[in-house]
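Chemist: Questions regarding the structure given below will be posed in turn.
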Amino acid sequence: MREAIGQYPESVRSRAALLIARPEAGDFAGRRAAAERCDVEAGAARAAAQETYSIREQAQRDHQAIEEEIRTSRRPFKLPDDRVPHDRHAAARRAAETRLNADAIQTQATTAERERSVAEEHANQANAMGDALASLVTQLEMNLHRPADSLLPIVPAYEGTIDHAREVGLDTTRRLTEAVGHENDSEKAWRAQDASVRAVLSREEFADLAGSDRLYRRLAQTPPETLAGEAADLVAELRASIGILRTELATMSEDVKLVTTSLAKSINKALSYLKLAEARSKMPGTLRDWAGAPFLTIRFDRPPGDQLEARLVTFVTEVINRPANRPTGSALLLQALERAVGQFSIQILKPNEGFALIRVPVAELSSQTFSNGQRSTVATALMLMLSELRRQSRGSSNTGASVGTLLLDNPFGNANAGFLIEVQRTVAAAAGIQLVYSTGIADFGALRHFPNAIALSNDAARRTMRRYVRANPALLELLVPNDGSAGGRISATRVATVANHDADVRR
């Protein structure tokens, strides 16, 4: 195989080594394509060589014909009359001059032949150099993937040797191959980066930007090749956007801090109200064993200030990041309380006829252990306490001022036991609230606990078909018999002007 390869010229062997070293020589399709290109180039080279040989042979034939004509020419020659010698001495002198001229012509011919040989040698070297350079140019053009319509740069003529040209060509080809490899690696890298950016843009949290943000649409919809050419502009625009976002995030951090501080104040105020609610729920001294005992007990672990801030910061961040259903008002405060404190333990006194101190969790109100009357009494007591607490939270300077009147719509259907009515009326009196009961049930046992009762009935005028509400004397007599016991009854009311609206008015 070495002998077979050695039969080819050095330029062919070098060209073959370069082709084998190319990346596409590693697979069959690449070798096949390279072989087809070699066949095309070899055909073109053979055609050019045949044309060159034909021209050279024609020139050699013309040269031989001219030399043969000169050598075999027998044309008659006649000297001019002024050059014909007149005697022997003149002929000798003419012969000597002729020999001198012949020697000079021979010297000139020898010099011309030597110069022609040197010129031919230079021409052969130039042709070889041209072939080598043409081969190198072809290799470089194949690696450069230069467009067909691109113009080659104008460079000075090469003055080195062919060996140096081959060495430079091989080094250039190697560096060009490495550059192509680096170019391919760079293209793979930026395409991977482009895929990563598009994967980030396709995430759900950025879906809202598709219709409003120009930079988002540009990154998501522009082809990768176009983006690669605009990378510098995109980087500058992204940096500007990042600067704006960082400023907005800093502002948002300040807003979150302000919201957290405000919410912490509300939490502390709410916890203070919870403690105050327990303190204000102490039962009046007339309720036997319940006297002085808080009706409502609330237990919780109040976190330190730094822990409260940390918990609320996390809570506020979670609320901000919710896409929908963000709580507001009391719902927000309740969720913040739960996050800041955690568990609350709330117990109430269970109403019972013996007024025993039985405390149960407030959740047991919905259980079967509570009757409807006990539930109604607990609800009424809690309403009275909360009304009093609300009055105090609004900063009333007159501690004896009444909150007002609480109208209970037919509570006797459930709470008609005497001890339940006693709890309701005692707590209301302690809170300075006037209770007004309305009922249509003739439960005289429950109604006898009230010193003032107004019996009303609906009457209709037959002629005008109007309805009137009037006192029913017969019913009043049944409710409050005239037996001389303490108490009284109201049979009519009168509208009167009250000078001091903050005075405690009881009827």
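Chemist: ARG191: net charge of surrounding residues, Cβ under 14 Å, Lys/Arg +1, Asp/Glu -1, itself excluded?
Modeler: The answer is -3.
Chemist: Could you put TYR273, TYR437 in order of accessible surface area, largest first, with the 1.4 Å probe and the full protein assembly present?
Modeler: Largest accessible area first, the residues go TYR273, TYR437.
Chemist: Multiply the residue separation of ARG99 and GLU248 by 0.36 nm, subtract the distance between their alpha-carbon atoms, and state the gained length in nm to one decimal.
Modeler: 42.7 nm
Chemist: What's the extension gain from SER438 to ALA379 if we count 0.36 nm per residue and subtract their Cα-Cα distance?
Modeler: 19.5 nm
Chemist: Right, next: Could you tell me the accessible area of VAL40 in Å² (1.4 Å probe, neighbours in place), rounded to the nearest ten?
Modeler: 100
Chemist: Please list, in order along the stretch 294-303, the HN-Hα scalar couplings obtained from phi with the Karplus expression 6.51 cos²θ - 1.76 cosθ + 1.60 (θ = phi - 60°), rounded to whole Hz, x for Gly and Pro.
Modeler: x, 5, 10, 10, 10, 10, 7, 9, 7, x
Chemist: May I ask you to compute the full-extension gain from ARG299 to ALA119, defined as 0.36 nm times their residue separation minus their alpha-carbon distance, rounded to one decimal in nm?
Modeler: Length difference between fully extended and current span is 53.2 nm.
Chemist: Per-residue accessible area for THR138 at 1.4 Å probe radius, Å² rounded to 10?
Modeler: Looks like 40 Å² after rounding.
Chemist: ARG448 accessible area, nearest 10 Å², 1.4 Å probe?
Modeler: Spelled out: ARG448, probe radius 1.4 Å, area about 140 Å².
Chemist: Simple spin-label model, 7 Å along Cα-to-Cβ: ASP255 to THR177 in nm?
Modeler: Reported label-point gap for ASP255 and THR177 is 6.1 nm.
Chemist: Efficiency by 1/(1 + (r/R0)^6): what FRET value for HIS164 and ARG217, r their Cβ-Cβ distance, R0 = 45 Å, to the nearest 0.05?
Modeler: According to the calculation, E is roughly 0.20.
The values are calculated or read from the model by the stated rules, or taken from the named source; none is laboratory data. Note that the structure is a prediction, hence the values are computed from the model and not measured. Note: ideal-geometry Cβ built from the backbone for every residue, glycine included; neighbour counts use all protein chains shown. With ligands, DNA and RNA removed, areas are computed over all heavy atoms of the protein, side chains included. Shrake-Rupley method; radii C 1.70, N 1.55, O 1.52, S 1.80 Å.
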